[in-house]
Structure formats: structure tokens, C-alpha cells
Amino acid sequence: MISKRFRIIKPEIRVLGIDDGMFTLRAKGFVPVVGVVFRGGYFLDGVMHTKVKIDGFEATRKIASMIINSPHYKQLRVIMLNGVTLAGFNIIDIKKLNAKTKLPVIAITREKPNLTKVRKALKNLPKSEHRWKAIKNAGEIFEVTTRNKNEKVYMQISGILKDDAEKIIRLTSTRSNIPEALRVAHLIASGISFV
């Protein structure tokens with residue numbers, strides 16, 4: 001899909017932040033996934049949810065369905081993820097998510113992903129090459145400064161230009177170095193964890 005070019009990035013751009021709940025390392029079953037709709041970095045407009053299997057394979061499909069079936073779908077301009085993994089190593093293929101939802105995707109992490117360690121960890125799971133392909137599909141890892149110019153976050157993108165993604169991250173990071181939609185999605189998902 002061609003990267004979307006934003007002519008104007010409005011201060012109240014509707015973004016969807018998605019994060020998963022907590023679980024223990026030996027846990028089996030499902031983990032809640034919460035999506036939070038924000039206007040810019042200030043106004044909470046809605047919440048959506050689904051669940052994904054720990055170390056499963058359906059994260060991309062389940063998240064796309066959650067978004068498309070939401071009453072907020074037509075207002076959304078960008079999807080923000082807390083990294084490309086949910087519930088352990090249930091990988092979100094950001095290019096497929098972008099294609100299914102027709103929305104740009106920005107995956108953000110506080111720490112730069114160590115792909116060597118990730119590849120090694122994946123070898124202990126079924127279909128490790130399938131998972132690795134989805135991780136590699138996220139593309140280049142970019143360093144971004146947000147609110148505090150001394151601290152950095154890292155992003156991977158699909159369907160959006162790097163400069164536009166950086167502007168949106170800075171605009172929506174009002175309380176911390178993470179966009180507010182992601183921060184609140186994390187708080188809610190952590191509060192409703194199944195395990």
C-alpha cells in the first residue's frame with residue numbers, strides 16, 4: 001500500500017492506541033487487547049476491545065476486525081501500536097493491518113527492539129519463521145524524539161511517511177514520551193488483565 005501523505009495534521013487528529021493486558025510467563029489462554037480513540041493527545045473519544053491468544057497467530061486479524069467493526073472506524077486517521085507483539089509473540093503484521101484497515105500504522109516502543117534476541121526467542125515457538133517474517137515485515141526501526149528532546153522512542157511504520165509519523169507522535173505525546181492514546185490503552189488493558 002502506498003504511504004499516505006497528510007496535507008495537514010490537525011491538532012485533534014483521531015488516533016487509535018492499542019495495547020494488551022498483562023499475563024504471567026507460564027500462562028495459557030487469552031489476553032485482553034484494548035483500543036483507545038483519542039482526539040490528538042487530549043480528548044478520550046472511545047474504547048474498543050478484543051482478546052488474543054498467548055503466543056497465537058491471530059493478532060492482525062482480530063485487531064483489524066475490532067477496528068473495522070467499531071463505530072469510530074470512519075473517524076480514525078492513524079493506528080498506534082505498543083510494538084508489533086501482543087500476548088507474548090502473537091505478532092501484528094503492520095503491513096497487513098494497514099492493508100486491511102486502509103489506515104496508516106505506527107508501532108512505537110520505548111526501547112529499541114533487539115532483533116537478534118527476538119529471533120532467538122522465536123525458535124522456541126511453533127511456526128517461528130512465520131512469526132519472524134511478520135516482525136521483519138514491520139520494516140526499518142526509526143529513532144524519534146517526542147515531548148522531551150533528551151528522550152527517544154522508536155517506531156516502525158506502514159502506510160505513512162516518516163515525517164508525518166514523527167509529527168503525529170510529537171503532537172499526541174502530551175503527558176509523557178508515549179502518545180496519550182497508547183498510554184491510556186496500556187492503563188486500561190493492565191487493569192482488566194485476565195491472568
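Can you give me the long-range amide H partners of VAL47? Hydrogens built in the peptide plane at 1.01 Å from N, cutoff under 5 Å, separation of 5 or more residues or another chain.
Hits under the 5 Å cutoff: VAL37.
Would you kindly derive the ³J(HN,Hα) couplings of the stretch 129-134 from the backbone phi angles with the Karplus curve 6.51 cos²θ - 1.76 cosθ + 1.60 (θ = phi - 60°), listing them in order in whole Hz, with x for Gly and Pro?
So the J values, rounded to whole Hz, are 5, 4, 5, 4, 4, 5.
What does the charge dipole of the chain about its Cα centre add up to, to the nearest 20 debye, if the Cβ of each Lys and Arg holds +1 and the Cβ of each Asp and Glu holds -1?
Around 400 debye, computed over the chain.
Where does each of 144-150, 111-117, 54-60 land if you order them by average Cβ count within 10 Å, highest first?
Per-residue mean Cβ counts within 10 Å order the peptides as 54-60, 144-150, 111-117.
Between ILE8 and LYS136, what length comes free when the chain is fully extended (0.36 nm per residue of separation minus the Cα-Cα distance, one decimal in nm)?
43.0 nm is the gain from fully extending ILE8 to LYS136.
Indicate the gyration tensor shape class of the stretch 100-164 (rounded, prolate or oblate), computed on the Cα atoms with a ≥ b ≥ c the square roots of the eigenvalues: a/c under 1.5 is rounded; otherwise a/b larger than b/c is prolate and the rest oblate.
It comes out oblate by the Cα gyration axes.
Normalised radius of gyration for the chain, please: alpha carbon Rg relative to 2.2 N^0.38 Å, two decimal places.
The value comes to 0.95.
Using +1 at the C-beta of Lys and Arg and -1 at the C-beta of Asp and Glu, which of ASN90, SER70, MET80 has the Cα lying farthest in the positive direction of the dipole of the stretch 14-191?
Farthest along the dipole direction, towards plus: ASN90.
Quick one: Karplus J couplings for the stretch 31-41, per residue in order, coefficients 6.51, -1.76, 1.60, θ = phi - 60°, nearest Hz, x for Gly and Pro?
10, x, 10, 10, x, 10, 8, 10, 8, x, x
For the chain, what is the calculated [θ] at 222 nm in deg cm²/dmol (nearest 500), taking -39500 (n - 2.57) for each run of four or more DSSP H residues and dividing by its residue count? Intermediate values should be presented prior to the final figure.
Values: 6 runs with 59 residues, N = 195.
Rounded to the nearest 500, it is -9000 deg cm²/dmol.
Quick check: Cα centre of the stretch 90-117 to Cα centre of the stretch 132-195, how many Å?
10 Å
Whole-Hz ³J(HN,Hα) for each residue in the stretch 119-127, computed from phi via Karplus 6.51 cos²θ - 1.76 cosθ + 1.60 with θ = phi - 60°, x for glycine and proline: what do you get?
Those phi angles translate into 4, 5, 5, 5, 5, 8, 10, x, 6 Hz.
Going by amide H atoms built from the backbone, whose H comes under 5 Å of the H on THR85, apart from near neighbours?
Correct list: ILE92.
No value in this document is a laboratory result; all are computed from the given coordinates. Only a predicted model underlies this, so the values are computations on that prediction, with no experimental measurement involved. For neighbour counting, all protein chains shown are included, and Cβ atoms are generated from backbone atoms with ideal geometry for every residue, glycine included.
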